[in-house]
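The values are calculated or read from the model by the stated rules, or taken from the named source; none is laboratory data. Keep in mind that this is a model prediction, so the values were computed, not measured. All Cβ positions, glycine included, derive from the backbone under ideal geometry; neighbour counts span all protein chains shown. Ligands, DNA and RNA are excluded from the accessible area calculation, which covers all protein heavy atoms including side chains. Shrake-Rupley method; radii C 1.70, N 1.55, O 1.52, S 1.80 Å.
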Amino acid sequence: MAKNSIDEIIKKTNSYLCIDCGECTGSCPVSRVNVNYSPRLNVEKMVLGYFDEIKKDENIWSCLVCGLCSKRCPSDVKYDEFIKLSRKEIRKHNEKLNYSHNRIIQKSMEIMTQGNTQKRTEWIGKELKVSKKGKFLYFTGCLPYFEVIFEYLNIHPLETAGNAVKILNKLGIEPVVNNSEVCCGRDLLFNGDEENFLKLAKINTKMLKESGAEKVVFTCPECLETLKEIYPEYLGKTDVEFIHITQLVEEAVKKGKLELDSSSIKKFTYQDPCILGRGLGLYDEPRNIIKSIPETELLPIERERENSICCGPSAWVSCTNYTKRIQHVRLGQAEKTGAEVLITACPKCYIHFSCALSGDDEDYKIKLMDITTLIAETMKSKKKHTDSHRLEG
Amino acid sequence: MKKKKTNAKITKAKMTKAKKIKKKTKKLQYPKIITFACNWCSYAGADLAGVSRFQYPPSLRLIRVMCAGRITPTFILDALTDGADGVIVSGCHFEDCHYISGSRKAEKVVETTRKLMHLLGMDGRRLRFELISAAEGQKFATVAREFTEEITNLKKEKHGKK
Amino acid sequence: MNELRIGVFVCKCGSNIAGFIDVPAVAEYAKGLPGVVFARHNLYSCSESGTQTIKDSIREHNLNRVVVAACTPRTHEPVFRAACEDEGLNQFLFEFVNIREHCSWVHMQERELATQKAKELVRMGVARVALLEPGEMTEVEVIPSALVIGGGISGITAATALGSMGLKVILAEREKELGGMLNDLYKLYPTGEDAREFLDKRIKTLKKFKNVEILTSSEIKDIEGYIGNYNVIIKEGKKEKDYKVGTIILATGALTYKPKKVSKGKSLFNYDGKNVITQIQLENRLIKGLKEKKVVMIQCAGSRVPERIYCSRICCMTAIKNGMLLKKANKDAEVTILYRDLQTYGTDYEDELREAKKAGVKFIRYSKEKPPSVDKKKKFVSVHHELLGRNIEIPFDLVVLSTPLIAHSDVKKLSQKLKVPVDEHGFFLEAHVKLRPLEFATDGVFICGCAHWPADITESISQALGATSKAAIPLLNLKVTVEPIISYVDEEKCTGCGICEENCPYAAITKDPETKKAKVTEVICKGCGICASNCPEQAIDIKHYKDEQFSAQLKAAFEEVKT
């Protein structure tokens, strides 16, 4: 065992600072359902030099990287980073790796590193206006792939993309949607595959440069965080501004550039996606959007904002019965609010909750909706003087 | 049969003559095609092609699966990125599928894979879905010949473009 | 894990392989592959001396994996597996590489490339064998009793035959009486036997067997289990009873299609159940004696039409037989049969047709596009005569519609309980028309008679006897063996999403209601792997066909695996 790399993990993640308090394990949604999983113990093992035990324990793949423990750790141990580096180390040792969905998502990402010309923009219909080059870029993320891979759940992740462009068009923006965009690579990174992550990061960085984009809007919080915060760690800073669609819409609503009409649905509750909330601190933007819809109520859900619970699996490695239980806990909480619809602002939340709702274990009344769908469906159509409302960019 | 043998001899003689030159060029001549064949129909179809001595190019590498429905998109994409020029997924005819719905499931998987290949900018023609029964040795050989040719042309096309 | 000690045996198969492939070179190549400690070539691997060589080598070189590169596993796998087992090497640690059917015989003019291909195939086989795991055949005890569902002629025949073998039989009939459709028939073709007498004789024989339990007015409430061990709950009258059986024969028969009576509007050929009736209603009237003299029969009434595209098979003969009966009963009777095509297959039936024609039954062909119309007021049937090129009018006292046999409306319930498929028309679908007739893909369940497809009595009886002998094999052997090529579930990963259950063609994988996890019933599982390929959590794999085994085989197709 390369002792150096273990030492490096300990240093980089502040593991040595662990005071053994157990706040992490106490907070961990996985530990709640899986007694064999303990972030504290993993950190302890690492510090003691028992990496072999971590390596052989499948539970290292259970972490959802939801950030709850890191947020609460009084000693600043970066457990997300700990997981990332540990998995990278495990991969180096040719251990059996964990995957879900028969590895097809990772496989697709790997193929994207090879620089083929993709055909990922064919979903853009005539009614949507996009440009070849421009200052404003919409980053689709893996939505076109999810559309194919999750067909069996009878969901259409691409609707989110369509609605996003519709919203942007409404705001007078004709965004660049680029065929040479690739997966942000975050999931590969958290699978421990830094090598392919870097390849993807480089392709995207090049793509952004060539497109001339100054502002990039995202519907996927994970892509957003990756481009905004992780890429610079590896590839240096850029001047490009990265924002989530809810930021853009909230601002437009505030400034009166976009008005949302009442909806047939009156009672909503909202799921804070881990990365949008804890990761990027965007708690109020989506809430303000929902609240701006006339005659609606945004019902508070048990454990929200920084205490919110993850939708379950992460990085396409850890779909287990534990994650399923976490999903049911969360959906149960959503149901209890009395809301008709649970709004999510992350495609992965949408996929994972759809899967849990499709099962026959529990009967839920609550429906699921992506925030872009809500915005697109309630956007007022009467105000048609879009030109005067053109946003900068 | 006898005729074939003499043919073989002639070819053999020819081959030794131009062995050194031919060896390299010949190797290039055939693409590599991974064939996932179900145990009950298509594998047996390949057997029958052999028993009937239907000749086809030595491009296929057959992997036996119990049912074509065992295949996942990842298997196919793995094959294509590991080095296969083409992939055939072959199962029983729908109505005689040994596993009732296995062939249909396989068709669905191939469809999904094609969609992904399309998104990923890979040539969907590199993937072929076939229904070959145990009685269709001729079909197996024909598919092998045609697909080898198609893949060879695709490769040429690609090289030409470059 | 023990050190890998792979032995590779490359077969010359006389000149079948060696004539077109450099076999010694392949064996030599194999020696250099990772994990291979021994490789050689044989003249005929499957011969006595060939298998002996393999056995000796396993012993001498302490082999723990064996690869034979020869012909096809479809014929010779058992031979080599047995050789391995003889030497105490688990048969599932053996891998067959096909270099004859898939190589030498199909690349007869490409010696060099065929040799290269053979080497690669061996390389793939070696990569796979390295990851194989031992497995054991499972034996399952069989409860020596059978359930026959349906007490028509098929069910009666099956129950009688099983009874005569001394097996315990439960015969469940939903009606008050046994006999099914025979109860409504008058006389039978081609023998002209009286249906009632025929049926009574059969029931009498059946009732002689004390080991046959007959349940009437009964309903199958629930069926659970698999070949050898079914738990069945049957409701007879008001009480429910549990039975344990080893195999099940489905003989639920069919119904005759009765056109819907429409007060106003139109019904099929103006069917009213009085002057326009169906063949089965005619049979009933024939029992009582028929007054009407002018009878027009319309064939394919409601069959071979878009809603019911199939041919009901028995209607041609039924019409011919009934036409003859009418003629025999009354020489002045005028019988006209309007048909689209006549199917009187076999010698007997063709003879009947000739007889009918001789007796004066008229046959007029009509086309699908111009079907006959029944005018009840004027009492004639108008039909376009293809040869005359015009409509002709045939007066009638009675119109008889040859309506098809159709599946029972509740057939889906039974098919779901038994996890066996039905076709679009509700007839049960056998596993394979030629290779596995009368069987379902689900082991232990068999089919006969009209539940399967419209069949006449002769055919129903032969099918019933066929199904009986198939169903009796496991019952008399008292056991079934199952290969361990089956799926298994990592319970920790399983989320209980149920996708595997939806996809399994055999209901071998089900969601345990208590644990909410997928559970494999090993005896039912056939190892197709559809569950594994659809499992989102990757919680399922197939023994002997594991993901990693495929991956290794695949990788080896392109590169020499590093040692």
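Which one of these does C:Thr72 not meet: (1) in contact (Cβ under 8 Å) with a residue 60 or more places away in the chain; (2) open to solvent by less than 20 Å² (accessible area, probe 1.4 Å); (3) among the hydroxyl-bearing types (Ser, Thr, Tyr)? Here C:Thr72 clears every test but (1). In this entry, C:Lys168 is excluded by the filter for residues that are basic (Lys, Arg), farther than 23 Å from C:Val245 by Cβ and touching a strand residue (DSSP E or B) at 6+ places or on another chain (Cβ under 8 Å).
If you go through the range A:74-102 and pick out every residue that is free of Cβ contacts under 8 Å to residues at least 40 places away in the same chain and at the interface with another protein chain (Cβ under 7 Å from one of its Cβ atoms), you end up with 1. Residue pairs whose Cβ atoms lie under 6 Å apart, separated by 6 or more positions or on different chains, with the first residue in the range A:215-241 and surrounded by 14 or more Cβ atoms within 10 Å (Cβ to Cβ) and the second acidic (Asp, Glu) and outside any helix (DSSP H, G or I), are A:Lys215/A:Glu241. Within the range C:253-305, the set of residues being among the hydroxyl-bearing types (Ser, Thr, Tyr), open to solvent by 40 Å² or more (accessible area, probe 1.4 Å) and in a loop (DSSP other than H, G, I, E, B) comprises C:Tyr257, C:Ser263.
Flag set for C:Asn42, criterion: within 25 Å of B:Ala44 (Cβ to Cβ) and away from every other protein chain (no Cβ under 14 Å). Evaluate the range C:233-242: report whether one residue or more is under 16 Å from C:Val420 (Cβ atoms) and open to solvent by 40 Å² or more (accessible area, probe 1.4 Å). Within the range C:233-242, none of the residues are under 16 Å from C:Val420 (Cβ atoms) and open to solvent by 40 Å² or more (accessible area, probe 1.4 Å).
In the range C:49-73, the residue that is farthest from the other protein chains (Cβ to nearest Cβ) out of those that are closer than 20 Å to C:Ile21 by Cβ and part of a helix (DSSP H, G or I) is C:Thr53.
Applying the set (1) crowded, with 19+ Cβ neighbours inside 10 Å; (2) part of a strand (DSSP E or B) to C:Ile392 leaves exactly one unmet item: (1). When the range A:25-47 is filtered for residues that are within 27 Å of the chain's Cα centre (by Cα), over 17 Å from A:Gly67 (Cβ atoms) and open to solvent by less than 10 Å² (accessible area, probe 1.4 Å), only A:Asn34 remains. Pairs are defined by a Cβ separation below 6 Å, a sequence spacing of at least 6 or placement on different chains, a first member in the range C:414-440 that is part of a strand (DSSP E or B), and a second member that is among the polar types (S, T, N, Q); the pairs so defined are C:Val422/C:Ser415.
Could you please let me know if C:Tyr339 is in contact (Cβ under 8 Å) with a residue 60 or more places away in the chain and open to solvent by less than 50 Å² (accessible area, probe 1.4 Å)? So C:Tyr339 does not fit the description; no. Collect the residues in the range C:83-111 that are part of a helix (DSSP H, G or I) and at the interface with another protein chain (Cβ under 7 Å from one of its Cβ atoms), keeping them in residue-number order. Hits for the range C:83-111 are C:Arg100, C:Glu101, C:His102, C:Arg111.
Is it the case that some residue within the range C:202-215 is open to solvent by less than 50 Å² (accessible area, probe 1.4 Å) and in a loop (DSSP other than H, G, I, E, B)? Checked against the condition, which is being open to solvent by less than 50 Å² (accessible area, probe 1.4 Å) and in a loop (DSSP other than H, G, I, E, B), the range C:202-215 yields at least one hit.
Checked against (1) open to solvent by 30 Å² or more (accessible area, probe 1.4 Å); (2) modelled with pLDDT under 90, A:Thr320 passes all but condition (1). Scoring C:Gly225 on the criteria (1) assigned to a strand (DSSP E or B); (2) on the phi < 0 side of the Ramachandran plot; (3) open to solvent by less than 50 Å² (accessible area, probe 1.4 Å) leaves a single failure, condition (2).
Within the range B:41-58, the set of residues being in a loop (DSSP other than H, G, I, E, B) and either facing chain C (nearest Cβ under 8 Å) or buried (at least 24 other Cβ atoms within 10 Å of the Cβ) (or both) comprises B:Cys41, B:Arg53, B:Phe54, B:Gln55, B:Tyr56, B:Pro57, B:Pro58.
Listed here are the residues, each with its yes/no results for (1) open to solvent by 30 Å² or more (accessible area, probe 1.4 Å); (2) of a type in the set (A, V, I, L, M, F, W, C).
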{"site": "A:Ile10", "(1), (2)": "no, yes"}
{"site": "A:Ile19", "(1), (2)": "yes, yes"}
{"site": "A:Glu23", "(1), (2)": "yes, no"}
{"site": "A:Cys63", "(1), (2)": "no, yes"}
{"site": "A:Ser70", "(1), (2)": "yes, no"}
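Within the range C:372-389, the only residue that satisfies the criterion of being in a loop (DSSP other than H, G, I, E, B), closer than 12 Å to C:Leu338 by Cβ and touching a residue at least 24 places away in the same chain (Cβ under 8 Å) is C:Pro372.
Hey, which of the strands (runs of 3 or more DSSP E) in the range C:457-563, taking only ones fully inside, have at least 3 residues that are within 14 Å of chain B (Cβ to nearest Cβ)? Correct list: C:540-542. Checking each residue in the range B:72-89 for being assigned to a helix (DSSP H, G or I), more than 7 Å from every other protein chain (Cβ to nearest Cβ) and either buried (at least 24 other Cβ atoms within 10 Å of the Cβ) or over 15 Å from the mean Cα position of the chain (by Cα) (or both) picks out only B:Ile76.
Selection within the range A:104-122: residues that are open to solvent by 20 Å² or more (accessible area, probe 1.4 Å) and in contact with a Pro (Cβ under 9 Å, 6 or more places away or on another chain). The member of this set that is nearest to the other protein chains (Cβ to nearest Cβ) is A:Lys119.
Take the residues in the range B:140-162 that are open to solvent by 70 Å² or more (accessible area, probe 1.4 Å) and in contact (Cβ under 8 Å) with a residue 40 or more places away in the chain; name whichever of them is nearest to B:Asp47 (Cα to Cα).
B:Arg145
Taking the listed residues A:Gly332, A:Gly277, A:Gly312, A:Gly281, the one that is open to solvent by 40 Å² or more (accessible area, probe 1.4 Å) and under 28 Å from A:Lys71 (Cα atoms) is A:Gly281, with no other qualifying. Restricting C:Glu133, C:Glu95, C:Glu112, C:Glu85 to those that are of a type in the set (Asp, Glu), within 37 Å of the chain's Cα centre (by Cα) and either under 22 Å from B:Gln55 (Cα atoms) or surrounded by 24 or more Cβ atoms within 10 Å (Cβ to Cβ) (or both) reduces the list to C:Glu95.
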